[in-house]
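The values are calculated or read from the model by the stated rules, or taken from the named source; none is laboratory data. Just so we're clear, the structure is a prediction, and the values are computed from it rather than from any experiment. Ideal geometry is used to build each Cβ from the backbone, glycine not excepted, and the neighbour counts take in all protein chains shown. To get the accessible areas, we keep the full protein, side chains included, count just its heavy atoms, and leave off ligands, DNA and RNA. Shrake-Rupley method; radii C 1.70, N 1.55, O 1.52, S 1.80 Å.
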Amino acid sequence: MGYGLGFETLERETRIEALPVEGEIPGWLGGSLLRTGPARFEVGARELSHWFDGLAMLHRFGFAGGAVSYANRYLESRAYRAVEETGAIGYSEFATDPCRSLFRRAMSLFQPALSDNCNVNLVRLGERFVAMTETPLPVEFDPATLAAAGVGWKVPGQLTTAHPHLDRGGGMLNYAARLGPRSSYRFFRLAGAPGATPEIVASLPTRRPAYMHSFGLTERWLVLAEFPFVVNPAALALSGRPYIENYRWRPELGTRFTLLDRSGGEALGPFTADPCFGFHHVNAFEDAHGDVVADVCAFDDAGIVKCLYLDVLRAGRAIPAPELTRFTISPATGAVARERLVDEPVELPRIDYGRCNGRPYRYAWGAGTDGSGFFDRIVRADLRERTTVTWSETGCWPGEPVFVARPDAGDEGDGVLLSVVLDGAAGSSFLLVLDAATLAEVGRAIVPHHVPFGFHGQYAAAA
Ligand code: CO
């Protein structure tokens, strides 16, 4: 299969001033690509269960004058420190629980036994950099040293997403689920200033919260998509099963969209579509007819979660193909139209966020697959023409392609993509720079070791 190395532990922490470069890295790239992702997949003699369980490592690719530096460091979360100090898992991960002798599961949701292993994404909020996962325990870090630097912020609930949206005026919007006898979905705003506290802008009661990895945003609306992969909060607290094993696929619920006003909190919906499952909203916007368009990387069902267990991935079983799917929600009629936008599968989606987030847009980029294994290509989707362009190289396995706009960019999508690619034959990874319009290679910087497959990262312009 050739990509198994992407699920193997990387012990080595390093700082390299200048990676070997092939091609030419644009001189206008002057910031850093910061990424987080799992990098250790066993603790003592114990294997972690799921890709999402791996202990978080931060990676930084720094750009200056066409040169590329690299540094990596484990995120010094309390979950990581517990592993270092005891040699055992101390906190409850996505699909792996600590040993029974170390903890009492029944306490975990309502006591601070949740992991702060922030291996999913990170955000820059003002001058602060914060790594995130789906527990309410974000970890701030120093982008220069990659050292942990304290707690990110308080989350008004027990679950959250690692996919906040930047808000007008410099803060961010994110989601939380408050679980208990009366559970609710909540959206909160966090101002950019250090020490700011979250302000709840909209909430919605729920009896069976859906698994939530991201949400959509338009100029007016927060777009909540409840895929029918739901949990009984009491079971979550009492079952004694790892977190994600408490969720159930309930297709009879359909996929339910609710629109919540960003300023007043007013809720419209739910508007119901056929059942499907997704991790990632790509973008959302209001169209000229007053409808709300929500683009999602959609799977037929929640089976993808099971496909991402490490034993399944290492066995080489192909991941299901994610479909770039457009839901057009009509508040006037209550109808939800659904269409697939392009033939190529697309996951780990990115857009030209600075220009297009929450607004009509034309281009999306992501990782794709031919359906026989893992992500093996980078895809550019033109959503107006409904066409795609791809980049691939034999034996290479790319991650999320992060779009960076050229400083003097004229049109949407004028810039480059940055993607960390595993070269299976070489046994190492490289940072790939592609022209975002043509997917022609601009250059690459070779890392001396493999970078385990991660999820998300951000490009931070130099301050
Ligand atoms: Co994600």
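Numbers below:
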item	result
Residues that are in a loop (DSSP other than H, G, I, E, B) and either of a type in the set (Val, Ile, Thr) or open to solvent by 30 Å² or more (accessible area, probe 1.4 Å) (or both), drawn from the range 383-394	384, 385, 386, 392, 393, 394
Unique match (being open to solvent by less than 30 Å² (accessible area, probe 1.4 Å) and under 15 Å from residue 351 (Cβ atoms)) among 432, 418	418
In the range 147-175, the residues that are under 20 Å from residue 34 (Cβ atoms) and within 15 Å of the ligand (Cβ to nearest atom)	160, 161, 162, 163, 164, 165, 174
Flag for residue 218 being out of contact with any Leu (no Cβ under 7 Å at 6 or more places or on another chain), within 17 Å of residue 327 (Cβ to Cβ) and open to solvent by less than 20 Å² (accessible area, probe 1.4 Å)	yes
Filter result for the condition that a residue is touching a Lys or Arg at 6+ places or on another chain (Cβ under 8 Å) and β-branched (Val, Ile, Thr), over 402, 447, 379, 442	402
Test set (1) part of a loop (DSSP other than H, G, I, E, B); (2) open to solvent by 10 Å² or more (accessible area, probe 1.4 Å); (3) under 24 Å from residue 130 (Cα atoms) - residue 88 fails condition number	(3)
First in the range 148-166 and closer than 13 Å to residue 189 by Cβ, second anywhere and within 14 Å of the ligand (Cβ to nearest atom) and of a type in the set (Val, Ile, Thr), Cβ under 9 Å, 6 or more apart	164/123; 166/123
Top-ranked residue of the range 236-267 - restricted to ones that are among the small types (Gly, Ala, Ser) and under 30 Å from residue 169 (Cβ atoms), ranked as surrounded by the most Cβ atoms within 10 Å (Cβ to Cβ)	267
For residue 298: the one exception among (1) under 20 Å from the mean Cα position of the chain (by Cα); (2) assigned to a helix (DSSP H, G or I); (3) not basic (Lys, Arg)	(2)
Failed condition for residue 124, given (1) out of contact with any Phe, Trp or Tyr (no Cβ under 6 Å at 6 or more places or on another chain); (2) within 16 Å of the ligand (Cβ to nearest atom)	(2)
All strands (runs of 3 or more DSSP E) inside the range 184-254 with 1 or more residues being of a type outside the set (Ser, Thr, Tyr), away from the ligand (no atom under 16 Å from the Cβ) and closer than 18 Å to residue 50 by Cβ	229-231, 247-249
Of all residues in the range 337-349 being within 24 Å of residue 3 (Cα to Cα) and open to solvent by less than 20 Å² (accessible area, probe 1.4 Å), the one that is nearest to the ligand (Cβ to nearest atom)	348
Pairs where the first residue, in the range 257-279, is in contact (Cβ under 8 Å) with a residue 60 or more places away in the chain and among the small types (Gly, Ala, Ser) and the second is within 16 Å of the ligand (Cβ to nearest atom) and in a loop (DSSP other than H, G, I, E, B), C-beta under 9 Å, 6+ apart	278/213; 278/214; 278/227; 278/322
Strands (runs of 3 or more DSSP E) enclosed by the range 116-162 - at least 2 residues per element that are of a type outside the set (Ser, Thr, Tyr) and open to solvent by 20 Å² or more (accessible area, probe 1.4 Å)	148-151
Looking only at the range 401-415, and only at residues there that are without any contact (Cβ under 8 Å) to a residue 60 or more places away in the chain and not in a strand (DSSP E or B), the one that is surrounded by the most Cβ atoms within 10 Å (Cβ to Cβ)	401
Residue in the range 371-382 that is nearest to residue 323 (Cα to Cα), counting only those that are open to solvent by 10 Å² or more (accessible area, probe 1.4 Å), assigned to a loop (DSSP other than H, G, I, E, B) and modelled with pLDDT of 95 or more	375
Residue 324 part of a strand (DSSP E or B), modelled with pLDDT of 95 or more and open to solvent by less than 30 Å² (accessible area, probe 1.4 Å)	yes
Near pairs, Cβ below 8 angstrom, 6+ apart or cross-chain, from the range 425-451 (over 17 Å from residue 29 (Cα atoms)) to any residue that is open to solvent by 10 Å² or more (accessible area, probe 1.4 Å) and at pLDDT below 95	425/2
Residue in the range 355-368 that is aromatic (Phe, Trp, Tyr), within 16 Å of the ligand (Cβ to nearest atom), assigned to a strand (DSSP E or B) and within 22 Å of the chain's Cα centre (by Cα) present	yes
Residue 453, sole failed condition from (1) within 16 Å of the ligand (Cβ to nearest atom); (2) in contact with a Leu (Cβ under 6 Å, 6 or more places away or on another chain)	(2)
Residue in the range 435-452 that is farthest from residue 130 (Cα to Cα), counting only those that are open to solvent by 10 Å² or more (accessible area, probe 1.4 Å) and touching a Pro at 6+ places or on another chain (Cβ under 8 Å)	442
